[in-house]
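Nothing in this text is a laboratory measurement; each read-out follows from the coordinates by a stated rule. Being a predicted model, the structure only gives us computed values, none of them experimental. A quick note on method: Cβ atoms are made from the backbone with ideal geometry, for glycine too, and the neighbour counts reach across all protein chains shown.
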């Protein structure tokens, strides 16, 4: 069915693509300093099965090249728009610029990325939407960037990495959400982020496997933070789309969240009802990766507990390949729930037809 794809990656091939949108000072800073622009490939082993769709992975293996994250509208049109013919696509540009600690650099590159997204993609196809990127170091700069481009057509949410210096629900981040709401934007919380923070409460991991799996417990901590620190009580219109962090972990987390809230609710007097009710109203989760159990009966039970038709939104996570989880998931849903997952929930979230 014609789908709304909530997570398609794009990234400039190098800083040269962003130079038209950077000042002379920052072009010189980047060139003389040898600063590199890290892309999505840096978060995935380039030739691993999870990295690219099969055809692209075979080509990458032959050429010993990085996976083909679209670098231009023409590449995106050929690899996604012409092949899948989606109703709409939400672009998420992951460049790794947030790994740098220079707040002035971070703000400048964020602005350049947003200008590049607008000119290279949004201005060329009505089906395209995008997340705008912001500095993750300076709340002041993040708010200024939302004010600068948040009202422009095509931008539908503020992209934040799931790994952060402090949980996103922390009070110091609330001005970001106020600015987003003022421009009718939501928040897209995507896997990965600054490598300078340990992905576990006990420190850094020693293998890529541990680091990759670390996105899920970090995502759980962010769900707890948004609800517990009163983000949705202060900004009742805000929605959060959690991308590429799975969703199968949600039912047991919410059971424990509701249970313990009943005992220690005095810590969070602004949380007026069950935490699970806040999550159902304000959070949505992308379908990739699905991380479903093998037993079909167990899948059905999970999706029923999850209310999959209400909470899930389709995402291909192009160019990454997560197996056939989507097919298995859709087979367990009725017609109305499938339609909601493949487009209805995203249409309601972003105000699309």
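Find how many whole Å separate the alpha carbon centroid of the range 103-155 from the alpha carbon centroid of the range 255-311. Rounded to whole Å, the Cα centres lie 31 Å apart.
Placing R0 at 41 angstrom, the Cβ-Cβ distance between residue 262 and residue 295 gives a FRET efficiency of 0.85 after rounding to 0.05.
You can think of it this way: the chain between residue 115 and residue 32 has 27.6 nm of extra reach, that is 0.36 nm per residue less the Cα-Cα gap. Restricted to Cα atoms, the range 154-238 shows a radius of gyration and a Dmax of 13.8, 42 angstrom. With helices as the sole contributors, the chain gives -11500 deg cm²/dmol at 222 nm; each DSSP H run of n ≥ 4 counts as -39500 (n - 2.57), and the sum is divided by every residue. Pairwise inverse Cα distances across the chain, averaged and inverted, put the Kirkwood hydrodynamic radius at 20.7 Å. When only Cα pairs below 8 angstrom with a gap of at least 6 residues are kept, the chain shows a relative contact order of 19 percent.
Suppose R0 equals 22 Å; then what is the FRET efficiency for residue 72 and residue 324 from their Cβ-Cβ distance, rounded to the nearest 0.05?
On the way: r = 30 Å, r/R0 = 1.34.
Efficiency, from the Cβ-Cβ distance: 0.15.
Note: relative contact order over the range 233-353, using C-alpha pairs below 8 Å and six or more positions apart, is 28 percent. With a simple spin-label model that places each label point 7 Å from the Cα along the Cα-to-Cβ direction, the separation between residue 336 and residue 209 comes to 4.3 nm.
Across 20, 161, 70, mean-square fluctuation computed from a Gaussian network of the chain (C-alpha pairs under 10 Å connected) peaks at 20.
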